[in-house]
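For reference, the structure is listed below as C-alpha cells.
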Amino acid sequence: MRAAVFRAPGDVRIEPVADPAPPGPGELLIRVSKAALCGTDSAEWAHGPLLARPPVVLGHEFTGEVAAAGPEVGGFPSGTRVVSGAGISCGSCAWCTAGRTNLCASYQTLGLHRDGGLAEYVLSPAAICRTAPDTLDDTGAAMAQPLAVALHAARRGKVGPGRSTVVIGAGGIGSFVIAAAAALGASPLVAVDIDDGRLATAAILGATATVHGGRGDALELVRDIVGGDGAQVVIEASGAPASPAAALSMARKGGDVVIVGLQAAPRPADLFSLSVREIDVHGTLAHVCGEDLGEAVAVLAGTGLAKTVLGDVIALGDLVEAGLRPLAEQKAHGKIVVDVRGSV
Ligand SMILES: [Zn+2]
Ligand SMILES: [Zn+2]
C-alpha cells in the first residue's frame with residue numbers, strides 16, 4: 001500500500017510499504033478515505049522527531065471504512081464508516097483506572113508511535129473508534145479527532161452553559177476550541193486574535209464577540225465584554241510567548257485558565273496574582289475517547305464547523321509541498337485534508 005512515512009527530519013516520503021498485519025483481538029483494519037493534518041504533523045516533519053518514533057506512518061486525524069475486524073470486536077461490520085481517536089491506552093494503569101486514559105503510563109499515539117492514517121490502510125483499536133453517521137461526510141469525519149482534543153481542553157477549563165469564556169488564538173486548534181466552547185454553551189464567548197480573517201471565522205463558529213489583539217489593549221477590550229472582573233474561563237490556544245501571561249490577566253478571581261498552545265520555552269507569569277486570586281491553571285493533552293470522540297462526531301454532524309474551517313483538500317502525493325510545508329511556514333489557511341484515495 002502507499003503511505004506517508006516519516007523517516008528523519010525533513011524527510012517524509014510517499015512510498016510503498018507492507019500492508020498492515022490482519023487485525024488482532026479488539027482491532028479494526030480501516031481503509032482510510034480522508035486524513036486531516038495539524039501542527040503536530042508539520043512540526044515533526046520540520047523539527048522532529050519530537051514525539052514521533054521514525055520510521056512511522058504519519059496521520060492521527062482520519063476516517064475510513066472497516067475493511068476487517070479482529071476477534072472480540074462487536075458492532076463494526078465490514079464497510080462501517082468510522083472515525084478513529086489517536087491515543088491508545090492500556091486500560092489498567094493508575095491513570096486509565098481513573099478515567100484519564102490520555103495520561104496512560106504506556107500511552108501511544110497513532111501516527112507518532114504506531115503507524116497512522118496517512119496510508120491506504122491502518123490498524124486501530126475498536127475501543128477508540130466511533131461510527132460516523134450518514135449525515136457526516138468523510139471530510140468532516142476526518143476532523144473528529146481535533147474537535148475531540150478541543151472539547152477536552154474546554155472541559156479542562158470547566159466551560160459550560162453561561163460561563164464567560166475567552167479563547168486566545170483563533171487559528172488551527174483555536175478555531176476548534178471556539179467551536180467546542182460554543183457547543184458546551186459558553187456565553188459570552190470571546191475570540192482574541194490578530195488576524196481579521198480568523199476572527200470572522202470565529203464569529204461563524206459561535207464566538208459572540210471578537211477582539212483584535214493588535215488594536216488597543218486586549219485586556220481592556222475583553223473586560224468591556226465579560227465584565228471588569230474578567231472571564232470565568234480563559235483558554236490560551238495561540239502558543240504565542242506573551243499569551244499565557246495575558247490569559248492569566250484576563251481571568252477573574254477563582255477562574256480557570258487552560259494552556260493549550262505549546263510554548264517553546266519557559267515564560268514569565270505573575271504567580272503572586274495567580275495565588276491571591278486563586279486562579280486554577282490547567283494543562284491539557286489530546287482527548288479522552290470515551291468522553292470526547294462521540295460528542296465530536298455529534299457536533300460535526302450537527303453544525304457547519306467542518307465546512308467553515310476547511311482549507312485545501314489535497315492528494316496524498318502532494319502531502320509535503322501542499323500540506324506539511326505550508327503548515328510549517330504558517331501559510332496554510334484552514335484545515336488541510338488529505339484525500340488518501342484520490343489520484344496521485
Ligand atoms: Zn492533530
Ligand atoms: Zn494506562
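The values are calculated or read from the model by the stated rules, or taken from the named source; none is laboratory data. Since we're looking at a predicted model, the values are computed, not measured. In this analysis, Cβ positions are derived from the backbone assuming ideal geometry, glycine residues included, and neighbour counts consider all displayed protein chains. Accessible surface areas use protein heavy atoms only, side chains included; no ligands, DNA or RNA. Shrake-Rupley method; radii C 1.70, N 1.55, O 1.52, S 1.80 Å.
Peptides 5-17, 163-175, 29-41 ranked from most to least packed give 163-175, 29-41, 5-17, packing being the mean of other C-beta atoms within 10 angstrom over each peptide's residues.
Taking a probe of 1.4 Å, how large is the accessible area per residue of region 201-257, in Å²?
Per residue, region 201-257 has 41 Å² of solvent-accessible surface.
Element breakdown for the chain at a 1.4 angstrom probe: carbon and sulfur atoms account for 54% of the accessible area. Please give the Cα centre distance for region 235-279 versus region 65-116, rounded to the nearest Å. Taking the Cα centre of each part, region 235-279 and region 65-116 sit 32 Å apart.
Taking a sphere under 13 Å around the Cβ of Gly213 and counting the other residues whose Cβ falls inside, with K and R at +1 and D and E at -1, yields a net charge of -4. If you take the charge dipole of the chain about its Cα centre, with +1 on Lys and Arg Cβ and -1 on Asp and Glu Cβ, which of Val260, Thr201, Pro16 is farthest toward its positive end? In the chain, that residue is Val260. Count the net charge of all other residues whose Cβ sits under 14 Å from the Cβ of Val83, scoring Lys and Arg as +1 and Asp and Glu as -1. Local charge sum for Val83: -3.
What does the highest-first list of 68-78, 223-233 look like by mean Cβ count within 10 Å?
Listed from highest to lowest mean packing, they are 223-233, 68-78.
Couplings for region 167-176, taken from phi via the Karplus curve 6.51 cos²θ - 1.76 cosθ + 1.60 with θ = phi - 60°, read 10, 8, x, 10, x, x, 5, x, 5, 5 Hz in order; Gly and Pro are left as x. In the full protein context, region 61-103 carries 44 Å² of accessible surface per residue, based on a 1.4 Å probe and ignoring ligands, DNA and RNA. Label separation (Ser78 vs Ser106): 3.1 nm, computed from points 7 Å beyond Cα along the C-beta direction.
Among 273-283, 323-333, what's the highest-first ranking by average C-beta atoms within 10 angstrom per residue?
323-333, 273-283
Among the lysines of the chain, pairs that are 8 or more positions apart or on different chains and have alpha carbons within less than 30 Å of each other number 8. Distant-in-sequence amide contacts of Lys335, defined by a placed amide H-H separation under 5 Å and a gap of 5 or more residues or a different chain, comprise Leu310, Gly311.
Among residues other than Ala186 with Cβ under 13 Å from its Cβ, the summed charge is +2 (Lys and Arg +1, Asp and Glu -1).
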